[in-house]
């Protein structure tokens, strides 16, 4: 969540800087002319509307792209078929009963989580990797619900990374629909979660997740929830999008971090 705060702070500074430049240009261009108070108000209002519109478009159009490993993981083979469905990617492996709907982290290309989703699909848990508008999970917090009427899986799981995990938790906290299990990667809930299987995973080198908020969020876990702290893991290695500013330095490979993550998720699904 610290990444989201830093990003929004940077956006505010950028907007204020741009505002100063625009207002200076307006003043220069209008120098020597006279205006009524109403005309001056409309000029200023128009400038600010344009500023926030284009500034917002610029801010949300900038996001972290995925790496080559993620692109490779998006290629179908005889074991896993990947297809684009409504605002998501479907990873369809040999399993037919279980599916995980996954929300990506803030301003991260959703394709960055393809290696994890593919790993799970290969081991029997299909995945629906959601494409969030503006790459921010809060823009479509209830996205997971729309797929339940479209696919006939017996067991549905919900999870996500960072902001995506927080929004998955927020949606699950509503209690409807019911989820057979919840998976949070470097994320926490701010409201009581329904009684269901639950697993929280993070790396001990994570420099982005607020630890105090995480510890406070444990009070909202359902009974029997499990926790995995990956020794040497960090925040960014849950996806393939490169180092993240402010994050800790991982002392294990991304492949090892994903393997431990996938194994923990499979334990939730299999009830181990």
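Every read-out reported here was derived from the displayed coordinates using simple, explicitly stated rules and does not represent laboratory data. Here the structure is a predicted model, which is why all the values come from computation and not from measurement. Cβ placement follows ideal geometry from the backbone for every residue including glycine, while neighbour counts extend to all protein chains displayed.
General remarks:
- For the stretch 192-269, the relative contact order works out to 37 percent when only alpha carbon pairs closer than 8 Å and six or more residues apart are counted.
- Cα principal axis extents for the stretch 143-195, largest first, Å: 29, 19, 15
- Extension gain, residue 191 to residue 150: 0.36 nm times the residue separation minus the Cα-Cα distance gives 11.9 nm.
- Projected label distance in nm at residue 138 and residue 72, using a 7 Å step from Cα toward the beta-carbon: 3.6 nm
- For the stretch 68-270, convex hull volume per residue from C-alpha positions, Å³: 104 Å³
- Note on the stretch 165-239 and the stretch 107-148: Cα centroid distance 16 Å, given to the nearest whole angstrom.
- Placing pseudo-labels 7 Å out from each Cα toward the beta carbon at residue 259 and residue 176 gives an inter-label distance of 4.5 nm.
- Coordinate range along principal axes, alpha carbons of the stretch 98-178, Å, largest first: 29, 29, 18
- Taking label points 7 Å from Cα along the Cα-to-Cβ direction, residue 216 and residue 65 give a separation of 3.8 nm.
- Efficiency of FRET from Cβ geometry, residue 36 and residue 231, R₀ 41 Å, rounded to 0.05: 0.05
- Surface/4 estimate of mean projected area, convex hull on alpha-carbon atoms of the stretch 69-126, nm²: 3.8 nm²
- Along its first, second and third principal axes, ordered by size, the stretch 191-272 spans 35, 29, 19 Å in Cα coordinates.
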